[in-house]
Amino acid sequence: MTESRSPTFAIMGSGGMGGYIGAKLSQAGYRVSFIARGAHLEVMKNNGLKIEGPEETFIVDRIRVTSDPREIGPVDFVIFCVKLWDTEVAGDQCRYLVGPDTAVLSMQNGVDAEPILRGILGSEHVMGATSEIGANIVEPGFVRRFTPFASIRFGEFDQIRSTRSIRFCEAITAAGLGAEHADSISLTIWDKFLWLVGASALNCVTRQPFGPVREDPDTRALLRQIMEEVMFVANAKDIPLTNANIEARLDYIDSLPGQAKVSMALDLERGNRLELPWLSGAVVRMGRELNVPTPANNVIYAVLKHYVSGSV
């Protein structure tokens, strides 16, 4: 893979976030291949991918999309956005996308994906990343971004600014997305985990969007407690989250549209499987392993676990 040409991308899991990122890269002229399935795949094949955001609407009509990564072959970057329960299967399929210098960037929820991908693909192929992009599939072939901004934080786990991380930064910037080289990508991943555990818990348990949850003093206090427990677990694992991270994440939640919800809340409403075991469930599991009390997350997990397998 030479550095003189434009990098190539594969989007493993072309739902809300993956679909949006891939569409922006395609719009910027990069060669992007989408891996999708079901009705979403069929509509994308026939009609392309429609994107809508706070200040943009466009369609990627000449789209490379398949359900089989073997049809794509090695690329420079794999944007890995599948649901957490699909990590092992999709990670194994990524073998067909990985060449000598390929970087696989998980933008999934939770803190478990990178160790799994390292075990499947090798540590040298896994770069850390988080996506501050809230986007959902409105209907097959149609993705809407609801966050007021769209940015990606990324970095090598050894904290070196590598040639490939610089190339990734250049491409993401050219696509009109915010790009930030993280000083410590492990801390960045846990910082996102902090807010997502809290947001998914409150959206799901209350069946309410962000507006009512953040404005009610009781649910806001519960949101803070859930995030504090994540911080305590992180600190026990030598991840230096602080109260400043919690305050910044509360400010972030305050900036979101009042009617917005995280994807797990939409999955709950639609009767789909939930990522709960990798969010509040993971906090409970790690808390028990580390002897760190997590009472609020225990309750969230106990209440929502009855819906974890979905109903459709």
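Readers should treat all values here as calculations from the given coordinates under stated rules, not as data from a laboratory. What you see is a predicted model; the values in this text were computed from it and never measured. Heads up, the Cβs are rebuilt from the backbone with ideal geometry, glycines too, and the neighbour counts pull from every protein chain shown.
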Checklist line | the chain, relative contact order [Cα under 8 Å, separation at least 6], % | finding: 14
Checklist line | segment 187-307 - charge dipole about Cα centre, Lys and Arg +1 at Cβ, Asp and Glu -1, debye rounded to 20 | finding: 380
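Please report, in debye to the nearest 20, how large the charge dipole of the chain is about its Cα centre when each Lys and Arg carries +1 at its beta carbon and each Asp and Glu carries -1 there. Could you put the intermediate results ahead of the total?
On the way: 31 positive and 37 negative charges, 128 e Å.
Rounded to the nearest 20 debye, it is 620 debye.
Stretched out fully, how many nm does the piece from ILE59 to ASN291 gain, at 0.36 nm a residue minus the Cα gap? Display every interim value, and only then the final one.
Numbers: separation 232, 0.36 × 232 = 83.52 nm, distance 5.03 nm.
Separation in residues times 0.36 nm, less the Cα-Cα distance, equals 78.5 nm.
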Next item on the list: Subtracting the Cα-Cα distance from 0.36 nm times the residue separation, let me have the gained length for ALA39 to GLU215 in nm, one decimal.
Entry: 59.6 nm
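Assuming R0 = 35 Å, can you tell me the calculated FRET efficiency for the pair SER311 and ILE116, based on Cβ-Cβ distance, to the nearest 0.05? Numbers along the way, then the final one.
Values: r = 27 Å, r/R0 = 0.78.
Result of the calculation: an efficiency of 0.80.
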Next item on the list: Neighbouring Cβ atoms within 10 Å as the yardstick, rank LEU279, LEU187, LEU49, LEU41 fewest first.
Entry: LEU187, LEU41, LEU49, LEU279
Check: At what distance in angstrom do the alpha carbon centres of segment 34-104 and segment 235-312 lie from each other?
Finding: 26
Margin query: In whole Å, what are the extents of segment 64-207 along the principal axes defined by its C-alpha atoms, from largest to smallest?
Written below: 47, 35, 31
Notebook entry, point to check: Got a sec? Charge dipole of segment 8-183, +1 on Cβ for Lys and Arg, -1 for Asp and Glu; which of VAL89, PHE9, SER106 is way out at the positive end?
Noted result: PHE9
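How many percent of all Cα-Cα pairs in the chain sit more than 30 Å apart?
Working: 14387 of 48516 pairs.
Of all Cα-Cα pairs in the chain, 30 percent lie more than 30 Å apart.
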Check: Over all Cα pairs of segment 249-312, how is the pair count split among 10 Å bins, expressed in % and running from 0 up to the last occupied bin?
Finding: 20, 39, 35, 6
Margin query: Tell me which of VAL308, VAL284, ASN245 sits at the most positive position along the dipole axis of segment 235-312, charges placed on C-beta atoms (Lys, Arg +1; Asp, Glu -1).
Written below: VAL308
Next item on the list: Treating each Cα of segment 166-269 as an identical point scatterer and ignoring solvent, apply the Debye formula and state log10 I(q)/I(0) at q = 0.15, 0.22, 0.23 Å⁻¹.
Entry: -0.70, -1.11, -1.16
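On a 25 Å Cα-Cα criterion, which of the cross-link pairs LYS50/LYS305; LYS237/LYS261; LYS261/LYS305; LYS45/LYS83 come out too long? Mind showing how you got there, number by number?
Numbers: LYS50/LYS305 34 Å; LYS237/LYS261 29 Å; LYS261/LYS305 19 Å; LYS45/LYS83 22 Å.
Over 25 Å Cα-Cα: LYS50/LYS305; LYS237/LYS261.
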Margin query: With +1 on the Cβ of every Lys and Arg and -1 on the Cβ of every Asp and Glu, and nothing else charged, how large is the dipole of segment 65-156 about its Cα centre, in debye rounded to the nearest 20?
Written below: 280
Check: Put a dot 7 Å past each Cα toward the Cβ at ILE166 and ASP92; how far apart are the dots in nm?
Finding: 3.8
Check: Binned at 5 Å from 0, what are the whole-percent values of the Cα-Cα distance distribution for segment 1-141, short to long?
Finding: 2, 10, 22, 24, 21, 14, 6, 1, 0
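What 222 nm value per residue comes from the helices of the chain, counting each DSSP H run with n ≥ 4 as -39,500 (n - 2.57) and dividing by all residues, nearest 500 deg cm²/dmol?
Numbers: 12 runs with 140 residues, N = 312.
Result for the chain: -14000 deg cm²/dmol, rounded to the nearest 500.
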Note to self: Among 213-224, 6-17, how do they line up by average Cβ neighbours within 10 Å per residue, starting with the highest?
What the structure shows: 6-17, 213-224
Check: Using the count of nearby Cβ atoms within 10 Å as a rough guide to exposure, how do TRP195, TRP85 rank from fewest to most?
Finding: TRP85, TRP195
Item checked: Inter-label distance, nm, simple model (7 Å from Cα along the C-beta direction), ALA236/TRP85 -> 2.7
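Using a Förster radius of 25 Å, what is the FRET efficiency between ALA179 and ASP251 based on their Cβ-Cβ separation? Nearest 0.05, please. Can you show the working numbers first?
Details: r = 21 Å, r/R0 = 0.85.
Taking R0 as 25 Å, the efficiency between ALA179 and ASP251 is 0.70.
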Note to self: Students often check this: by mean Cβ neighbours within 10 Å, which of 105-111, 115-121 ranks highest, and how do the rest follow?
What the structure shows: 105-111, 115-121
Next item on the list: Within segment 126-183, list the trypsin sites (Lys or Arg not before Pro) lying in a DSSP loop whose Cβ has at most 14 other Cβ atoms in a 10 Å radius.
Entry: ARG161
Checklist line | Protection proxy ranking, peptides 244-255, 281-292, average beta carbon neighbours within 10 Å, highest first | finding: 281-292, 244-255
